Every structure is written in C-alpha cells, then in structure tokens.
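Read the structure below first, then the notes.
The values are calculated or read from the model by the stated rules, or taken from the named source; none is laboratory data. None of these values were measured; they are calculated from a predicted model. Neighbour counts run over all protein chains shown; Cβ positions are idealised from the backbone, glycine included.
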Amino acid sequence: MLRCSFCGRRAVYHRRYAGVFLCDRCMIKSVERRFRRAINQNKLVNPGERIAVAVSGGKDSVACLHLLHNYCRGKRGEVVAITVDEGIKGYRDGSLPLARENAEILGVEHHLVSFKSAFGATLDEMVRIAAKRGTGLNPCTYCGVMRRHLLNQAARELRADKLATGHNLDDETQAIMLNYVRADLSRLYRLAPIYAPREGFVPRIKPLREIPEKEIGLYVLLKGIKVHLAVCPYASGIHTEIRDFLNSLEANHPNSKFMILRMFEEIRPYLKEAVPEFEMRGCERCGEPTSTRLCKTCELLQGIGLAKRRKKLISDGDS
Ligand SMILES: [Zn+2]
Ligand SMILES: [Zn+2]
C-alpha cells in the first residue's frame, strides 16, 4: 500500500511534479490551501465583496463556486452564480441542472442568461445559419466572445465587485501557448490572475489558476460534489492539439505546466508597454463597453445577419 507522504494514511494520488503521495484528506486540504493562497497573494477578493461566479455545471466552475462560497462567507461577503446557456444540444442541457442544483445546495442566488434570449439564436442555430450562408464559423470563437460578453453584462447588472471563473492550470497554460502560437500580445497580456480593463468591465478573477485540472477533478470526487463531466462537442482544432501537446510534455517532464505559468508571470510586467492603450466607449449597437465602433459580439453577430437585443439580462427582482 502506498502511504500519504504527509500523514501516512492510504494514498489516493501521486503528485508527480512534487514527488509526493497524498491521502484523501491531505489532497482536499492541499487544493483548498492553494485556492486561498492564490486569493491572498493576488488580492483577488476583499472582505465584504459580492462575487459573481460563472458556473457551467462542469467540475472547475462548480468547485470554484463551492470554494468561493465558503471563503466569502467567512469574510462578510457573498457569491452569486451566473450560468450562460449557449444552446449546445446534448451538452449544455446536461450541465445546466447541475449548475442550478449546486447553487441551491449552497443557498446561492442563481441567474440564467441565454444566447437565445440575448441574441435571438442559440450557438447551434448560429452554426447552421453560417453554414447556410456559405460562410461557416468557428464555434469556439463565437462561444468564447459571446459568453464573456454576457457574463460581464450580467455580473455588472448584479452589481458584483468581481467576476470569478473556474480556469485551472491546464486552461491557463493552454491559453498562454495559444497566444504564443497566434502571436497575440494583447490577449496574452490579459491572462492575469486578476484582470480589470476599464469602467464597464467587472474585474475578472481566476482563483483556481494554479491547480491542475486533474486535482480539481479529484477534489470534487473526494468531496462528493456532483458535476457534469461531458466534453463540449465543438471542442476541436488547435485547442485540443495544444492540450494534447502540454499533457505529453507534462507526462515526460513533470512540472512543465507550472514552469510555463511561472515564466509567463515573470514576463508579463514587461508586456504592459508593448500592449497599446485603448480608449473605452460604448458599442454603437448594444451599448456595452468596447474600444471599437462595434463590440466584438455585435461584429460577429452582424457577420451572420443577427443583432443583439438591447435589453437588460437580469430583470429586477429576478433570482
Ligand atoms: Zn495525508
Ligand atoms: Zn455590441
């Protein structure tokens, strides 16, 4: 029997990059400690703040909700959950009930916003519309841009001080590598533990950024937290290639992912000068903050003959 390197109980996990074995209790403690350290070191949350958490129902966002709920409760703060329904058949319909259920268990206010009601079409419908027009679209681009747009608007309408997402170490290193490959300095610069661009944007925080995906999976399992485990049917292309590359790198050279994140953090302060300053204004179409005439969401919608509806996402008194 393999024993926990810290307490001698039966080990459930081999943390290769650190050369240690962990039992269930030490594993849970370790994840929670790393979560608190990320918050304290980067000042992600201040006492009394209202934190909106983006909850899809998957393991990362649900773990983030549970951890932040416990953390904020002890600091006179509170969390609210926001779920975006992109309208991906056979995927989102499985995760939505789990987002709702977890919010309910914790007694957390839960808000659902959807592509369909904000943009007049689900992501599936947008893909079909683009195919019919003969243009085609990259679902991940549409989904990513529009989800961030709705999350920011909803968090602002809910008067949240911060918007938290469940990005883990794997997500973060994938994003770093993707921006290297695309030579996108501005997007690379945004990959901070806390990023607060300008007025109109709710500062985004990523408290799970230093925890490997595998360890979050184990954490929810050991805590008996119910999550949705399916993979998005649109996941493909360069994202999965980079993920597979990083996983094989980590398998042959443990600790590579942490090193990529560390190196990026060393470099990031120097990027500030290279990233152009931009002036903020309201999108001509929808009024949301943007540096260009049309925000990215309205620009993408225009490309497939759709337009965002000008209305609040969260109705007053809604919960
Ligand atoms: Zn132990
Ligand atoms: Zn717009």
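A few notes on this one:
- Test: residue in the stretch 28-37 that is within 16 Å of ligand 1 (Cβ to nearest atom) and surrounded by 20 or more Cβ atoms within 10 Å (Cβ to Cβ): yes
- Checklist (1) over 30 Å from GLU250 (Cα atoms); (2) outside any helix (DSSP H, G or I) applied to MET146, failing item: (2)
- Tally, over the stretch 111-135, of residues that are modelled with pLDDT of 95 or more and of a type in the set (Lys, Arg): 1
- Close Cβ contacts (under 6 Å, 6 or more residues apart or on different chains) running from residues in the stretch 160-174 that are more than 17 Å from ALA99 (Cβ to Cβ) to residues that are of a type in the set (Lys, Arg) and crowded, with 22+ Cβ neighbours inside 10 Å comprise LEU169/LYS257; GLU172/ARG209; THR173/LYS257.
Matching residues to (1) within 16 Å of ligand 1 (Cβ to nearest atom); (2) part of a helix (DSSP H, G or I); (3) over 30 Å from VAL62 (Cβ atoms):
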{"position": "TYR219", "(1), (2), (3)": "yes, yes, no"}
{"position": "VAL231", "(1), (2), (3)": "no, no, no"}
{"position": "CYS298", "(1), (2), (3)": "no, yes, yes"}
{"position": "LEU313", "(1), (2), (3)": "no, no, no"}
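- Being in contact (Cβ under 8 Å) with a residue 24 or more places away in the chain, aliphatic (A, V, I, L, M) and over 30 Å from LEU123 (Cα atoms) is a property that does not hold for LEU246.
- Unique match (being touching a Ser or Thr at 6+ places or on another chain (Cβ under 8 Å), in a loop (DSSP other than H, G, I, E, B) and surrounded by fewer than 19 Cβ atoms within 10 Å (Cβ to Cβ)) among ARG309, ARG285, ARG293: ARG309
Conditions tested, residue by residue: (1) under 30 Å from ASN138 (Cβ atoms); (2) touching a residue at least 40 places away in the same chain (Cβ under 8 Å); (3) in a strand (DSSP E or B); (4) basic (Lys, Arg).
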residue	(1), (2), (3), (4)
MET1	no, no, no, no
SER5	no, no, no, no
SER56	yes, yes, no, no
CYS72	no, no, no, no
ILE82	yes, yes, yes, no
ALA99	yes, yes, no, no
